[in-house]
Amino acid sequence: MDFKIPVEIPAHIADAQMQENNIDEIEDKSDPPRQQQDEENVLDIHVRTEDHEYTQAINPSVDLPIATQINECDIPTLSLGREVIIEGFVVQSRGTKTTRKHLFLFTLISVIILTVSTIEIGRSSSLKRGKEIGVSLNISFSNELRHDFEQISGKEPLMDEASPQYYAWQKISLNFASSASIYGNDTIVQKRVAQRYAILVIQFSLSKRFRETYELQLDRVLPQECEIFSCNEKGEIDTFYFENRWSTGEGGGTIAKEIGILQGLKHIVLGRNGLDGTIPSEIGNLKSLRILDLHGNKLSREIPSEIGQLHNLEWLHLNSNKLSGSITEMSDLKRIQYANFSHNSFMGTISYQMSQFTDLKGLSLYENDFIGSINFLCQKNFTNDAYLKTEFIGRSLFLDNFYTHSAFFGLEIDCDKGVAIHMKCDCCICFENNGK
């Protein structure tokens, strides 16, 4: 493609030229007419390249400033006097009379044209080659990533440019380009990239304003996952801690189903983030989970039955949401120590199988619509004491996370003036709910 490079003469040089021309006209009466001078100063610029040949007539005293057409493959060389052949260009002068001022100006223009065109041609060619290689590599790698991420998230989310999944895919395509050459043949790299994808989708999903919080940055060097999260011996992250973000405006999102592929997780703490939506059933894949704290959000509908598969779960906080249905899934949580279901819309009875939970120390059921007797739980050694303990649970997003267990080691149910409502319990502690 041809392009034009305009070369402008600085104002002070142009002014000086005009003044000198005026002086010449006044002082040198013997000079030939102006038209004759112009004809004598005309230069024929002959240019030969691989593709074409052309001639351009230039009068330095008339045609300045000059705009010269230069092909990307051409290297312009301008000269005065005898014929000169340089890099396939022939430049020859037809004029016989050239003033010193014209020689100076023409030489100056030649230097400027040569410098600018060389820089532009080199830069253009470099950018063009880099862009072609980069785009080719990026598209190929991105398509491979997209195929693998569709196995995790499905096709539809990755087609929606406003989705966290699409944004995470784009971010990894940009930031993991250095892994493109080995990605297809290295299962360790594939597993690491899949884990990073899930982490990003979860982070983005938790906030409605994720595009404002997380920017796409080309070729940004990202740390390893285990440098910003606590990991087990397999390199799987074990803690995801994102709490109290509703007040900062960073919350208000949902819990992404991609959380289910982070099978090394032991601690999920997402309390008080203003989260909407439901609890994803994929959480049931997290067999190592010890703590699940989702309190203080706006989660709705029923608890997924897959939660009953969390056989290592010890602490469950679902209080202060909009959850409904029964809690029959609790019957399989053999290692549960404390569960808080308060301030929801649960209903139904409590399973008798919970009497077999040898580690159960506390159960909060108030502000719901449970019915039936739970006297079978009175055999437990409940202390009816408040419990408060802080433990280090790992690192998340470069921060050390200390989780505070705040619980009541006893049975808490709804009461009105000291009398149980809907439920029968001889050992429970009353939570006064003003006549609910």
- Would you mind computing, in nm to one decimal, how far apart the modelled labels at Asn381 and Asn143 are, each placed 7 Å from Cα along Cα→Cβ? 6.6
- Amide H of Gly325: which non-local residues (sequence gap of 5 or more, or other chain) have their own amide H closer than 5 Å, using H built in the peptide plane? Met347
- Query: Convex hull over the alpha-carbon atoms of the range 323-367: what's its volume per residue in Å³?
  - Reply: 65
- Item | Surface/4 of the Cα convex hull for the range 226-432, nm² | 11.2
- Taking K and R as +1 and D and E as -1, what net charge do the other residues with C-beta under 11 Å from the C-beta of Asp293 add up to? +1
- Item | Potential lengthening between Val419 and Thr349 on full extension [0.36 nm per residue; Cα-Cα distance subtracted] | 23.4 nm
- the range 240-287 - charge dipole about Cα centre, Lys and Arg +1 at Cβ, Asp and Glu -1, debye rounded to 20: 160
- Give me D for the range 154-222 in µm² s⁻¹, whole number, from Stokes-Einstein with Rh from the Kirkwood sum over alpha-carbon pairs, 37 °C and 0.692 mPa s. 261
- Note on the structure: Violations at 29 Å Cα threshold for listed pairs Lys171/Lys257; Lys234/Lys322; Lys171/Lys322; Lys171/Lys334; Lys287/Lys424 -> Lys234/Lys322; Lys171/Lys322; Lys171/Lys334; Lys287/Lys424
- Query: P(r) for the range 263-316: what percent of alpha-carbon pairs falls in each 10 Å bin, starting at zero?
  - Reply: 25, 57, 18
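Every read-out reported here was derived from the displayed coordinates using simple, explicitly stated rules and does not represent laboratory data. Worth saying up front: this structure is predicted, and the values here are computed from it rather than measured. Note: ideal-geometry Cβ built from the backbone for every residue, glycine included; neighbour counts use all protein chains shown.
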